[in-house]
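Undergrad: Here it is: the structure, laid out below.
The values are calculated or read from the model by the stated rules, or taken from the named source; none is laboratory data. Just so we're clear, the structure is a prediction, and the values are computed from it rather than from any experiment. All Cβ positions, glycine included, derive from the backbone under ideal geometry; neighbour counts span all protein chains shown.
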Amino acid sequence: MTRATECRNFVIAGHSGCGKTTLCELMLFKSGAIPRMGSVDAGTSVSDFMADEQERRSSIYSSVCNCVWKENQFFFVDTPGYGEFTGQYVAAIRAADAALVVVDAIDGPQVGTARAWKLSKQRRIPRFGFVNRLDKERADFKTTLEAMRKNHGRDVIIPLYWPVGSEEGFSRVVNVLFDKEIPPEIADDVAECRGLWLDAIAETDDELMMRYLDGEELTEAEIHEGLKKSIKSGRTIPVFAGSSVKDIGVTELMDAIIELFPTPLSYVTIDGVKRKISEDADALGIVFKSINDQFTGQLSFVRVVSGVFKSDSDIYNLSRDGVKERFGAMFFMNGKQQTATTVAGPGAIFAIAKLKDTHVGDTVSVNPNETALPGIDFPGPVMSYAVTAQKSGDDEKIAAGLHKIIECIPTVRFERNPETHEFLLSGMGDQQLAIVARRLKEQFKVEAQLSTPKVPYRETITGAGEGHYRHKKQTGGAGQFAEVFLRIAYNEGGYEFANDVVGGTIPKNFIPAVEKGVQDMLERGPLVGCPVEKVKVSVYDGKYHPVDSNEMAFRIAARAAFKEAMEKANPVLLEPIMRVNIHIPDAYTGDITGDLNHKRGRILGMEVEEGMEVVQAEVPLAEMHKYATELRSMTQGRGSFDMSFVRYEPVPTNVANEIIAKHQKEVQNE
């Protein structure tokens, strides 16, 4: 087993197309973990081993890799850069001690870059940058660097290596702190970076700062130590330069991973209490990923936080009330390639098959009395489809298949909407949901029909009204009789029912039946059959018959009386309003704000976050069903958004009239 001091665990992130997977492939090849390099375009890379990834020639799922470099073991996760698959990065970063963010030297920082910086900053782990593809035409290190510095600051983003040559002439990199022979054409740039680093290093220690200000030279050992402190604190982000295709700068990067990336022996916080991590402690880990393997079944990926896990042993799921699980064979993974192992210590990532009741985000331990680690907070869905079976009778098969698929894709949800009664498949965008539907068809041989879901409208009133109905029915035997008078008024506090009957015109034993009739109408309002909210209903008069009156008669009479009262009380349709945050390059701001105005949206403000413009708005849910597709089209895939429910608001009269007319037409055709 590799000692924790010789283990490095990190996540590789960045925008789609920046070369993350090729970099991972090169590191595996250089370390001898694989005999030859695969290719993303040829569908032979270690990371992109799923069929849909090979077809798209782009990462969709995170992929766990490991290799040994100069007697140190690396565990790293290659993550997709496209916004719809951001949940894969959210989970992977939960298992990482550091983040290596890859930036394209041609296109510069993009929305995927900003997302990677932001999430790794929130996790408070050290961040590193790697400017890739410097051998390509139009690649420009200085322009890319300036864009990164604009986002974070010149004294935060500091190159640790500087490229020699550009485009086809890019030949090597030099260390700005320690290399002595610097080509004259980059000498000024290197000197500036060295000065920024020395300033940052001196700031890590008061004594060091005093000596530095006095003009005293710092030793190499002091520079090394100060460099690590500055990076670990988050004060600085070192930037590497290279080409994963030409294998330039990658050896230097891998050496720096050993020297500068943190070891797993730091501290973990449980319930606000810091606890030191040790190889000798009880084994503790978090499940951050799950896949369905066609040979071994479901594989759960565990990041070892502390202690040592061993194969063929019992463990406890602390997130599921200490349910007992059995660890059988354990594997270190390189994509889909498995290497059996019997032990895994701090920092290691291993896969375990066929756990019964353990899911992504759960904490596992050999000690049932340990405290569970915080789970994983995944982003909420931004798009939904209504799901129906293509063939009659396939509903249960679809539900069973989707639940198995979703176990491996936590940002996708499948649930029944209690208001519209539709089964909804929700996720981060249309492409992600299309992939889920395709896997359902290919793996489970069942086809689902995806359609635009109904909007969960609600109904209320803006005035007051009264309703009256006499229900009288005489058949051969006992008849039915009930008469009910109701008042209805708006009530901000929600639904309220009051019995204002005096003189016993309706006996007390029939009042609950009247309320049941009212509640029937609250479930399906008179405008479009949606729930009615924020009303106070009072029954104040009525009549009964000692023989023919019964509960059902009063329930029927109450329904009709409520409908009449509501029609007189100025009923209005309410729609859900969503808070939307749209992350885009500033060049698209005008297009986005103009489009939001067409969607009846209200612009709340704009701010800059990690170099991206963030447009904040409130938009009706009815206008957002296809926004993931529309945003991708408007921004050439460079935009992303998140969405959350805020409140219900009245639908504008002209829009409401169209919705009501459509509903009435559908009712007539039923």
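Undergrad: Does region 20-73 hold any residues that are in a helix (DSSP H, G or I) and polar (S, T, N, Q), and which are they?
TA: Taking region 20-73 as the starting set, the residues that turn out to be in a helix (DSSP H, G or I) are 20-30, 51-56.
Across region 20-73, the qualifying residues are 21, 22, 54.
Undergrad: Test residue 64 against the stated conditions and say whether it is surrounded by fewer than 22 Cβ atoms within 10 Å (Cβ to Cβ) and under 25 Å from residue 287 (Cβ atoms). Please lay out each step first, then the result.
TA: Values: surrounded by fewer than 22 Cβ atoms within 10 Å (Cβ to Cβ): no; under 25 Å from residue 287 (Cβ atoms): yes.
Here the answer is no, as residue 64 does not meet what is asked.
Undergrad: Scan region 394-440 for residues that are surrounded by 19 or more Cβ atoms within 10 Å (Cβ to Cβ) and of a type in the set (Lys, Arg) and jot them down.
TA: Across region 394-440, the qualifying residue is only 439.
Undergrad: Under 9 Å between Cβ atoms, at least 6 apart or on separate chains: pull out the pairs that start in region 241-257 with a residue that is more than 17 Å from residue 17 (Cα to Cα) and end on any residue that is surrounded by fewer than 16 Cβ atoms within 10 Å (Cβ to Cβ) and hydroxyl-bearing (Ser, Thr, Tyr).
TA: 248/171
Undergrad: Which numbered condition trips up residue 21, out of (1) polar (S, T, N, Q); (2) touching a residue at least 12 places away in the same chain (Cβ under 8 Å); (3) over 25 Å from residue 111 (Cα atoms)?
TA: (3)
Undergrad: Only one residue in 494, 504 is at positive phi and touching a residue at least 12 places away in the same chain (Cβ under 8 Å), so which one is that? Before you say what the answer is, go through the steps one by one.
TA: Working: 504 fails: touching a residue at least 12 places away in the same chain (Cβ under 8 Å).
Selected residue: 494, the only one of 494, 504 that is at positive phi and touching a residue at least 12 places away in the same chain (Cβ under 8 Å).
Undergrad: Okay, next question. Taking the options 651, 667, 646, name whichever one is in contact with a Lys or Arg (Cβ under 7 Å, 6 or more places away or on another chain) and either of a type outside the set (S, T, N, Q) or farther than 25 Å from residue 590 by Cα (or both).
TA: Values: 651 fails: in contact with a Lys or Arg (Cβ under 7 Å, 6 or more places away or on another chain); 667 fails: in contact with a Lys or Arg (Cβ under 7 Å, 6 or more places away or on another chain).
Just one listed residue meets the conditions, 646.
Undergrad: Out of (1) in contact (Cβ under 8 Å) with a residue 24 or more places away in the chain; (2) over 28 Å from residue 632 (Cα atoms), what's the single condition that is false for residue 396?
TA: Result: residue 396 passes all but (1).
Undergrad: Counting only residues that are touching a residue at least 12 places away in the same chain (Cβ under 8 Å) and over 16 Å from residue 613 (Cα atoms), how many does region 626-642 have? Walk me through it before giving the result.
TA: Of all residues in region 626-642, those touching a residue at least 12 places away in the same chain (Cβ under 8 Å) come to 626-632, 634-635, 637-642.
Adding the requirement that they be over 16 Å from residue 613 (Cα atoms) leaves 626-630.
The total comes to 5.
Undergrad: Going through region 74-90 one residue at a time, which ones are touching a helix residue (DSSP H, G or I) at 6+ places or on another chain (Cβ under 8 Å) and either in a strand (DSSP E or B) or assigned by TED's automatic domain parsing to the domain that holds residue 286 (or both)? Explain how you work it out, then say what you get.
TA: Just the residues of region 74-90 that are touching a helix residue (DSSP H, G or I) at 6+ places or on another chain (Cβ under 8 Å), to begin with: 74, 76-86, 89-90.
Of everything in region 74-90, those that are touching a helix residue (DSSP H, G or I) at 6+ places or on another chain (Cβ under 8 Å) and either in a strand (DSSP E or B) or assigned by TED's automatic domain parsing to the domain that holds residue 286 (or both) turn out to be 74, 76, 77, 78.
Undergrad: Scanning for something over 18 Å from residue 279 (Cα atoms), over 27 Å from the mean Cα position of the chain (by Cα), assigned to a loop (DSSP other than H, G, I, E, B) and not assigned by TED's automatic domain parsing to the domain that holds residue 413, does region 331-342 turn up at least one residue?
TA: No, that holds for no residue.
Undergrad: On the given criteria, is residue 417 at pLDDT 90 or above, under 24 Å from residue 652 (Cα atoms) and out of contact with any helix residue (DSSP H, G or I) (no Cβ under 8 Å at 6 or more places or on another chain)?
TA: no
Undergrad: If you don't mind, there's one more thing I want to ask. Which numbered condition trips up residue 17, out of (1) part of a helix (DSSP H, G or I); (2) within 25 Å of residue 409 (Cα to Cα)?
TA: (1) is the only condition that residue 17 fails.
Undergrad: Residues 147, 116: which one is of a type in the set (A, V, I, L, M, F, W, C), surrounded by fewer than 21 Cβ atoms within 10 Å (Cβ to Cβ) and at pLDDT below 95?
TA: Numbers: 116 fails: surrounded by fewer than 21 Cβ atoms within 10 Å (Cβ to Cβ).
Exactly one of 147, 116 is of a type in the set (A, V, I, L, M, F, W, C), surrounded by fewer than 21 Cβ atoms within 10 Å (Cβ to Cβ) and at pLDDT below 95, namely 147.
Undergrad: Does residue 386 satisfy the condition of being over 24 Å from residue 621 (Cα atoms), among the small types (Gly, Ala, Ser) and in contact (Cβ under 8 Å) with a residue 12 or more places away in the chain? Lay out the reasoning, then the answer.
TA: Details: over 24 Å from residue 621 (Cα atoms): no; among the small types (Gly, Ala, Ser): yes; in contact (Cβ under 8 Å) with a residue 12 or more places away in the chain: yes.
Taking the combined requirement at face value, the residue does not satisfy it.
Undergrad: Can you pull out the residues in region 209-256 that are closer than 20 Å to residue 148 by Cβ, β-branched (Val, Ile, Thr) and assigned to a helix (DSSP H, G or I)?
TA: 231, 250
Undergrad: Hey, another quick one. I'd like the full set of residues that are among the hydrophobic types (A, V, I, L, M, F, W, C) and out of contact with any Pro (no Cβ under 8 Å at 6 or more places or on another chain), limited to region 277-307. So that I can check it myself, show each step before the final result.
TA: Residues of region 277-307 among the hydrophobic types (A, V, I, L, M, F, W, C): 277, 281, 283-284, 286-288, 291, 295, 299, 301-302, 304-305.
Residues satisfying the conditions are 281, 283, 284, 286, 287, 288, 291, 295, 299, 301, 302.
Undergrad: Within region 94-134, track down each residue that is part of a loop (DSSP other than H, G, I, E, B), touching a strand residue (DSSP E or B) at 6+ places or on another chain (Cβ under 9 Å) and within 21 Å of residue 170 (Cβ to Cβ). Let's see the steps before the verdict.
TA: Applying the first criterion (part of a loop (DSSP other than H, G, I, E, B)) to region 94-134 yields 95-98, 105-107, 109-110, 123-126, 133-134.
Add one more test, that the residue is touching a strand residue (DSSP E or B) at 6+ places or on another chain (Cβ under 9 Å), and what stays is 95-98, 105, 109-110, 123, 125-126, 133-134.
Residues satisfying the conditions are 105, 109, 133, 134.
Undergrad: Only one of 633, 644 is loosely packed, with under 14 Cβ neighbours inside 10 Å, farther than 23 Å from residue 455 by Cα and polar (S, T, N, Q); which? Lay out the reasoning, then the answer.
TA: On the way: 644 fails: farther than 23 Å from residue 455 by Cα.
Step by step, each of 633, 644 is checked, and only 633 is loosely packed, with under 14 Cβ neighbours inside 10 Å, farther than 23 Å from residue 455 by Cα and polar (S, T, N, Q).
Undergrad: Quick one: what pairs do we get from region 91-112, first residue in the same structural domain as residue 146 (by TED's automatic domain parsing), second among the charged types (D, E, K, R) and part of a strand (DSSP E or B), C-beta under 7 Å, 6+ apart or different chains?
TA: Hits for this filter: 91/289; 95/303; 99/127; 101/127.
Undergrad: Keeping to region 249-299, report how many residues are at pLDDT 95 or above, within 18 Å of residue 123 (Cβ to Cβ) and surrounded by fewer than 16 Cβ atoms within 10 Å (Cβ to Cβ).
TA: Matching residues across region 249-299 total 0.
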